[in-house]
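Before any comments, here is the structure.
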Amino acid sequence: MADITTDVLIIGTGPAGSATAALLASYGVAHMVINRYRWLATTPRAHITNQRTMEVLRDLGSEVEGEAYMHASPQELMGENVFCESLAGEEIGRMKSWGNHPLSMAEHLLSSPCKMNDLPQTFMEPLLFKTACSRGTQARMSTEYISHEQDAEGVTTTCRDRLTGGTFTVRSKYLVGADGGNSLVAEHLGLPFEGRMGVGGSMNILFRADLSRYVAHRPSVLYWVMQPGADVGGIGMGLVRMVRPWNEWLIVWGYDINGPAPVVDEAMATQVARQLVGDPALEIELLGASVWTVNNMFATHMQKGRVFIMGDAAHRHPPSNGLGSNTSIQDGFNLAWKLAAVLKGQAGERLLDSYSAERAPIARQIVTRANQSIGEFGPIFKALGMDGGTDHEKIQRNMDARVTAAPEAEAQREALRQAFAFKKYEFDCHGVEMNQRYRSDAILTDGQPEPAFEKDAELHYAPTTWPGARLPHVWVFAKSGEKLSTLDLCGKGQFTLLTGIGGEAWVAAAETLAAELGLPIRCHLIGPRRAVEDHTGDWARASEIRDAGCLLVRPDHHIAWRSETPAADPVAELRRVLTTLLAR
Ligand code: FDA
């Protein structure tokens with residue numbers, strides 16, 4: 001007999017675990033979350049928070065979304081990505097980043113009701129955790145996962161209470177390993193991984209110092225420092241990252257992974273900070289220092305039976321592109337509604353297989369992208385003559401060569417401009433953030449081929465209602481005049497049917513099926529003199545269906561199925577669709 005019984009046990013209160021707990025609590029599912037430490041993240045590792053993640057927070061409620069913006073540095077302060085010899089020294093180049101180029105900003109505004117922002121993990125985790133606990137999550141801190149065993153009915157997990165040293169067991173129907181990059185759950189499951197851990201070494205130095213005079217005129221989250229030796233290990237360059245504008249900072253500096261990890265004491269931290277800021281008299285208030293390794297590894301399957309892994313447990317990669325915590329939270333958004341549907345008897349267990357089918361390709365994609373972004377600093381080093389060798393004077397001469405009127409210098413300047421521009425694949429990579437299209441048994445085709453990407457799929461988001469894609473955002477209007485995103489009409493743990501004038505039979509069919517399957521289905525009929533109106537015509541253009549067709553949207557905003565036109569027997573058609581995708 002287990003000591004504690006619950007429906008879902010989550011290991012870890014990082015972005016993945018806390019988001020999943022907040023969602024399960026919002027969906028009314030009994031669950032418990034544990035963390036081996038007594039509190040949440042103490043260092044502001046993740047920070048770039050993309051629009052898709054903000055949509056998850058918006059789905060949790062306007063108070064959650066609003067609090068995130070309240071703590072975050074706004075997008076406008078993120079955008080002047082600077083490359084320099086030091087903060088006080090010469091600036092070598094600059095690029096608009098994180099949606100701040102006017103063309104990119106237009107794409108951001110058209111894509112989502114939410115704004116990208118810079119929300120350090122030290123704010124994101126407490127927000128998600130507080131949301132979870134206030135809505136019903138049972139949380140146990142200072143509690144360590146030791147092992148688990150699963151059988152046909154459930155999972156028995158052994159935990160250690162780190163305060164008493166005693167062990168206890170938790171019996172749950174499902175177990176979620178959100179236990180980070182050194183995941184024991186993943187190890188115990190023996191899931192298949194590709195790639196390698198520890199391909200580079202980095203040190204983090206967190207400190208307070210007012211650096212306004214070096215940065216306030218070119219606001220950015222990232223200041224890249226190119227000095228001889230900057231290409232060793234780590235993320236490819238020295239980095240001075242804004243944590244709070246402009247007096248709290250995190251320096252990331254590489255070290256050779258083939259040697260021993262450095263001991264970063266106050267003297268070393270001060271010396272590195274002075275070197276990167278370029279101020280030999282700089283005084284810092286050191287808040288912390290740590291070393292970490294750059295990883296290039298992802299799970300090719302994220303589930304075994306009743307046990308799932310998510311977040312860094314499944315995808316381990318450098319911070320390039322700021323995808324880690326974002327993808328972790330989005331893993332939770334994918335799995336939570338499926339667990340809820342199965343536990344409430346609305347879906348068969350096979351629905352859960354779609355989690356790995358949908359998210360493992362994303363794990364592969366983002367790990368590959370993040371590591372590729374490190375390699376893409378190479379052309380900058382090459383153009384500056386910084387690649388290879390340890391002759392610092394020679395490197396400095398190479399860097400200086402670009403300022404003359406010589407033809408080679410002009411060629412060098414052009415190569416450098418191109419190399420900087422190419423870094424948009426790291427610093428303005430909207431498509432990677434927004435273009436996730438799922439393929440699984442929880443998506444039903446309407447027989448249409450997948451629309452091709454007309455622009456670069458990594459850089460540009462391409463909205464479509466093709467089943468598997470995320471519902472496109474456009475603004476529509478409630479009778480009261482309130483402006484609503486199409487995403488606001490959906491989500492919150494429920495399926496939604498969207499149709500237009502002439503689609504009344506779909507609404508009636510959804511009501512029949514909701515009663516028959518015990519599955520709440522929200523319906524919106526969009527059109528003139530209806531509860532939701534499309535004054536701008538943006539929805540008519542985005543929906544890719546006729547007015548009397550319909551879209552069936554999953555609780556995670558992805559299109560489950562669509563019908564371009566009315567059906568002869570909408571009840572039979574919707575029954576076929578729902579029973580198939582819910583594995584009933
Ligand atoms: P995470 O590691 O955060 O949490 C794991 C949890 O499991 C913790 O609560 C831990 O205590 C717990 N745990 C582990 N083992 C346990 C056990 N045996 N028993 C009980 N509990 C256990 N990402 C991003 O999206 N944008 C960004 O800008 C950045 N920037 C960034 C900068 C730097 C310098 C770093 C190092 C990383 C980033 N990241 C990032 C990545 C981001 O920090 C990372 O992807 C997320 O923290 C992963 O969240 P998880 O919840 O998966 O794991």
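The values are calculated or read from the model by the stated rules, or taken from the named source; none is laboratory data. Every value quoted in this text rests on a predicted model; they were computed, and no experiment measured them. We place every Cβ from the backbone using ideal geometry, glycine too, and count neighbours over all the protein chains shown.
Listed values, structure above:
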{"read-out": "Filtered residues of the stretch 24-45 (kept if of a type in the set (A, V, I, L, M, F, W, C), within 21 Å of the chain's Cα centre (by Cα) and more than 8 Å from the ligand (Cβ to nearest atom))", "value": "L24, A25, V33"}
{"read-out": "Out of V476, V432, sole residue that is of a type in the set (V, I, T), assigned to a strand (DSSP E or B), at pLDDT 95 or above and not assigned by TED's automatic domain parsing to the domain that holds N321", "value": "V476"}
{"read-out": "Tally of residues being touching a helix residue (DSSP H, G or I) at 6+ places or on another chain (Cβ under 9 Å), in a strand (DSSP E or B) and of a type in the set (S, T, Y) across the stretch 137-156", "value": "2"}
{"read-out": "Residue within the stretch 253-261 that is within 16 Å of the ligand (Cβ to nearest atom) and assigned to a loop (DSSP other than H, G, I, E, B) present", "value": "yes"}
{"read-out": "Any hit, the stretch 464-480, residues being more than 24 Å from the chain's Cα centre (by Cα), over 15 Å from S543 (Cα atoms) and of a type in the set (G, A, S)", "value": "yes"}
{"read-out": "Given (1) more than 12 Å from the ligand (Cβ to nearest atom); (2) crowded, with 20+ Cβ neighbours inside 10 Å; (3) closer than 27 Å to L175 by Cβ; (4) of a type in the set (V, I, T), index of the condition T5 fails", "value": "(2)"}
{"read-out": "Qualifying helices (runs of 4 or more DSSP H) (wholly inside the stretch 290-402; at least 3 residues being out of contact with any helix residue (DSSP H, G or I) (no Cβ under 8 Å at 6 or more places or on another chain) and more than 16 Å from the ligand (Cβ to nearest atom))", "value": "353-375, 392-400"}
{"read-out": "Meets criteria (modelled with pLDDT of 95 or more, away from the ligand (no atom under 16 Å from the Cβ) and closer than 26 Å to L211 by Cβ) for M78", "value": "no"}
